[in-house]
Amino acid sequence: MPSSPMAPPRSFLWTRLVFLTLLAGFVLLPVYVMISSSLKPLADVTGKFRWIPSELTFQPYIDIWSTVPLARYFVNSLIVASAAAVCSVVIAVFSAYAVSRYDFRGKRVFTITVLSTQMFPGILFLLPLFLIYVNIGNATGIALFGSRGGLILTYLTFSLPFSIWMLIGYFDSVPRDLDEAALVDGCGPLGALFRVVVPAAIPGIVAVTVYAFMTAWGEVLFASVMTNDTTRTLAVGLQGYSTLYDVYWNQIMAASLVVSVPVVAGFLLLQRYLVAGLTAGAVK
Amino acid sequence: MTSTVELPVRKGESGDKAAHGPRRRVPGRIRRIGLPYLLLLPALILELLVHLVPMVIGIVMSFKELTQFYIRDWGAAPWAGLDNFRMSVDFDAPVGEALLHSFFVTVAFTLLSVGLCWLIGTAAAICMQDTFRGRGLLRALFLVPYALPVYAAVITWVFMFQHDNGLVNHVLHDQLGLTDKPSFWLIGDNSFIALLVVSVWKGWPFAFLIVMAGLQNIPRELYEAAALDGAGMWQQIRRITLPSLGAVNQVLILVLFLWTFNDFNTPYVLFGKSAPEAADLISVHIYQASFVTWNFGTGSAMSVLLLLFLLLVTGVYLAVTSRGRRASRA
Amino acid sequence: MRSIRAAAVGAVTMSLALAASACGGGSSTEGGSNDSPKTLTYWASNQGASIEIDKKVLQPELDKFKKQTGIEVKVEVVPWSDLLNRILTATTSGQGPDVLNIGNTWSASLQATGALLPWDAKNFEAIGGKDRFVDSALGSTGAEGKDPAAVPLYSMAYALYYNKKMFADAGIAQPPTTWAEFVEDGKKLSKGGKWALGVEGANPSENIHHAVVFAKQHGGDFFTADGKPDFTNDGAVAGVKEFVDLMAKDKVIAPGNAEYAQNQSVSDFAKGKTAMLLWQSASANLKSQGMSEDSFGIAPVPVQSGTPGTGTGVNSMVMGINLAVFKNSDNLDGAKKFVKFMTSDAEQKILNTAYSSIPPVKGAQADAAFNTPANGVLKNTLATSAVAAPQVADESQFETAVGTAIKGLFADAAAGRAVTTESVKAALEKAQAQMPAA
């Protein structure tokens, strides 16, 4: 700890070095396989594994765009995941604030109910949910099945329970003196939320946003039945590289890398918020 | 309030005013009582629509004989009473026996996976708490497994676990000579290990992310005070870091547990529609019992049993951990 | 704020009402209509090398159809991994395409849902009559005694593909015609890192296609005449055992094949790692993987003795794709017109050539394009020695249960565990116990 007056002991530094090196190896291994395989011709990829490719080719990076409509899938995923993440976090912030800062009847029931929704296996409410969407569509003309909107709605509720629970935890750790001070200063409850609590809980909010985004980004089952050709997301679309004829391993790897680069880059940008938390002396 | 100026407040202002204006007219008391409910409303409606109502329908389904003969018109499906449940818990008959087996596999898998994810994630977060060269890079790297689409990540592991051409056998057998002959990872008993490795690889960064964010909220003063008291690094971790993470950990572990237990994507991509017995997770098992064999009634009954089990576990878990946390705080 | 609350109460009530109506039944539009005569939606299965290639094959034909009838067909090529789930949700909710492709093994199962338009005499009349189609293909369109649930579109059959050079190197002059010869030749071919045969051991459906045929050759059936599962009769057990023994006892299949489920066996064959392949209509696939047409030969799948024929002489399942119409389509007449168009002689020639399948339509089958030696084998197999998939409503349960059992047996064989008549019987017994008690 930089502010700590004592330097970490040697034993800690060594343990850390060994542990982080091993961990990085574990994490990187499949990533290396992806990168090296994406640069090999298909015949090499389906042959005996070799650490160093015998021949490099960028052809897979060209082919990926014509084997499946990758660009469209990518845009769909980006829209769906971003919208679901933003909506989910905004709604979760309100709910978590209510639970964290207010005492009201039904609070326990609410939190437990919300949590219990995480327990029902997704496979089983897939069919009922689809039916509900179809019925809403028939009754109101709002097309929820097969549209991005339906998927956004579904995914945002997938991440909502956990987002609420996590944010309750983060909000609880923001000292109450802070928002009480804000209330005394004449802010309304929502003023206190947005001026004090939210800024103080930015790391938690960013973590939850990332989580909500990734939940939507990777989901396979619901996307496979709730989308059609034009709204299909990446998670499902990538399966298109494994066709009736062959599995285009090199293209799968290339496509996965291509679509992951923007996401990882986004993570990098968000990173500093993850650590820019409570600064010492926020309460004076 | 003055001290919070340095914090980013831009985001809040517009929303604040909009939400603020009209409410002024409402008498204070009603506002105080009504506000929390109003704040919960959006979440409540969505949860009702997407989770609770379908869940209720799912429970109704479990009492029906819902096979391919009836899926087109659910109303006409005959009531099955408790038949679906009886079939699921008859552990002497093949269906119940398979379900029980699948249940135990899932429990073992979940405990191991959650334990490892949490352990690795927390250790990594603590290791990376202070700055050192390359920390940012490493942190980004560690999030890569989490940022890859599930399908891409798991299919890469499938690729590596192949019997003839995979990296894992290449290293273990060809290069290190640890095994007499190449092992099978995607079929047979080893498939459990394969599943666990993939699950941990994919899951720990999430624990890392959440714990890392949790660590930011531990006031520095606590460490400084402990250091003045002569507490060493290890003691600081044990006495301050871990207890302060209590609230975050309570939720994190619970949620990791629930997800891992219900995880469908990983085993599905790893093994396809028919998982090997050693890695027959309950989610795929239920998927097979309902979607693949078109018997949604039995599948629902199994899910309802699962729901009851998870409710019980969660209830006990929350009761124990909440008491534990209260006791440690006192 | 009060109004917001009222709205909330309303929303909750509405969602509950929706739930209730969803419980009450999926499809609100009972029966079909002709409300939107100008458009059709069509779910095509993935038949070619990729979804994009399929679209390129289909689109010009759909344009032709639009020119002829003025009906616009919106096609979506649905990957195999999603197709059955998509059909199931469509069936449940009544929200699906007008016309769709189904695998012909699903015919009876989907027929049982009652969601597909039955092809009675009148409907067949609308597309030019039932006798335009080959009998064996019609045998896989639904349960016996019921009006077909679909119309045959593409036909395929299994054949033995062999690598001519590897055969010559091993001194084998002719492809084997019986399994005894097959094993004998196979032992000559399986050496030096090469193997005689490739299979998809971990793919339940693929296993089933072989198991049904092997069982038939031993005089066994997986279902009794009245459609009850009977997996443990001697014929079925002997059939399954003979199939798995190719790896377990005869060792002509590489143990690694036990985990194959993504058509790796095809690329192994294309790369010369294996000398033989039992596959359905593989020519186009093999060519796309860089194998020249004259480097591989094609022969009928071996039988126990004699020549392929009916009864115990069968050597392939009738494979293929059928075209079905959703009963609640809002353009029934258009849908029938589209089916007629797709099964017309001209379109059949174009489509089946593109997908290297055999037209199930007699008029198109007679065309010279389907008289090449390769197609001759497939055509002959379909005509004389192919057996239809069990046309029972529980077909998909059967595929899952027995296919998974065989996957387990291959895993045993690969791990060096003994595969005996008893272990095969036990595995099949367990599979049968998972079938719905009928």
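The values are calculated or read from the model by the stated rules, or taken from the named source; none is laboratory data. None of the values given here were measured: they were computed from a predicted structure. Cβ: placed from backbone, ideal geometry, glycine included. Neighbour counts: every protein chain shown.
Observations, loosely collected:
- Any hit, segment C:118-129, residues being at the interface with another protein chain (Cβ under 8 Å from one of its Cβ atoms) and more than 20 Å from the chain's Cα centre (by Cα): no
So that you can scan it fast, the table gives a plain yes or no per residue for (1) among the aromatic types (Phe, Trp, Tyr); (2) surrounded by 21 or more Cβ atoms within 10 Å (Cβ to Cβ); (3) at the interface with chain B (Cβ under 9 Å from one of its Cβ atoms); (4) not in a helix (DSSP H, G or I):
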site	(1), (2), (3), (4)
A:Val86	no, no, no, no
A:Leu126	no, yes, yes, no
A:Gly150	no, yes, no, no
A:Pro161	no, yes, yes, no
A:Trp165	yes, yes, yes, no
A:Tyr170	yes, yes, yes, no
A:Ala182	no, yes, yes, no
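- Meets criteria (farther than 21 Å from C:Ala261 by Cα and in the same structural domain as C:Val244 (by TED's automatic domain parsing)) for C:Gly227: yes
- For C:Lys55, the stated conditions hold: it is part of a helix (DSSP H, G or I) and of a type in the set (Lys, Arg).
- Across segment B:96-115, not a single residue is classified as in contact (Cβ under 8 Å) with a residue 24 or more places away in the chain and not in a helix (DSSP H, G or I).
- Single residue of segment C:247-276 satisfying the filter (over 23 Å from the mean Cα position of the chain (by Cα) and among the hydrophobic types (A, V, I, L, M, F, W, C)) that is nearest to the other protein chains (Cβ to nearest Cβ): C:Ala254
- Residue match in segment C:249-270 (condition: surrounded by 24 or more Cβ atoms within 10 Å (Cβ to Cβ), assigned to a loop (DSSP other than H, G, I, E, B) and hydroxyl-bearing (Ser, Thr, Tyr)): yes
- Here B:Leu137 meets each of (1) more than 9 Å from chain A (Cβ to nearest Cβ); (2) assigned to a helix (DSSP H, G or I); (3) of a type outside the set (D, E, K, R); (4) crowded, with 23+ Cβ neighbours inside 10 Å with one exception, condition (4).
- For C:Thr89, the test of being closer than 15 Å to C:Ala393 by Cβ, assigned to a helix (DSSP H, G or I), of a type outside the set (Asp, Glu) and assigned by TED's automatic domain parsing to the domain that holds C:Asp135 is failed.
Residue-wise test of (1) more than 22 Å from B:Leu245 (Cα to Cα); (2) under 18 Å from the mean Cα position of the chain (by Cα).
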residue: B:Phe85; (1), (2): yes, no
residue: B:Phe109; (1), (2): yes, yes
residue: B:Trp118; (1), (2): no, yes
residue: B:Ala125; (1), (2): no, no
residue: B:Met128; (1), (2): no, no
residue: B:Phe132; (1), (2): yes, no
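- Residue match in segment A:137-146 (condition: in contact (Cβ under 8 Å) with a residue 24 or more places away in the chain and either facing chain B (nearest Cβ under 7 Å) or assigned to a helix (DSSP H, G or I) (or both)): no
- Positions within segment B:146-172 being among the β-branched types (Val, Ile, Thr) and closer than 19 Å to B:Cys117 by Cα, in sequence order: B:Val150, B:Val154
- The residue that is farthest from the other protein chains (Cβ to nearest Cβ), among those in segment C:414-438 that are farther than 17 Å from B:Thr293 by Cβ and part of a loop (DSSP other than H, G, I, E, B), is C:Thr420.
- Scope segment C:135-165; condition in contact (Cβ under 8 Å) with a residue 60 or more places away in the chain, surrounded by fewer than 24 Cβ atoms within 10 Å (Cβ to Cβ) and out of contact with any strand residue (DSSP E or B) (no Cβ under 7 Å at 6 or more places or on another chain); matching residues: C:Gly139, C:Ala143, C:Glu144, C:Lys165
- Qualifying positions in segment B:142-177 - outside any helix (DSSP H, G or I) and not polar (S, T, N, Q): B:Leu143, B:Leu148, B:Pro149, B:His163, B:Asp164, B:Gly166, B:Leu176, B:Gly177
- Residue count for segment B:84-95 under the criterion of being in contact with a Gly (Cβ under 9 Å, 6 or more places away or on another chain), in a loop (DSSP other than H, G, I, E, B) and not charged (D, E, K, R): the result is 0.
- Among the residues here, A:Ser36 qualifies as part of a helix (DSSP H, G or I) and either basic (Lys, Arg) or closer than 27 Å to A:Val247 by Cβ (or both).
- Looking only at segment B:33-83, residues that are more than 8 Å from every other protein chain (Cβ to nearest Cβ) and either assigned to a helix (DSSP H, G or I) or out of contact with any helix residue (DSSP H, G or I) (no Cβ under 9 Å at 6 or more places or on another chain) (or both) come to 5 in all.
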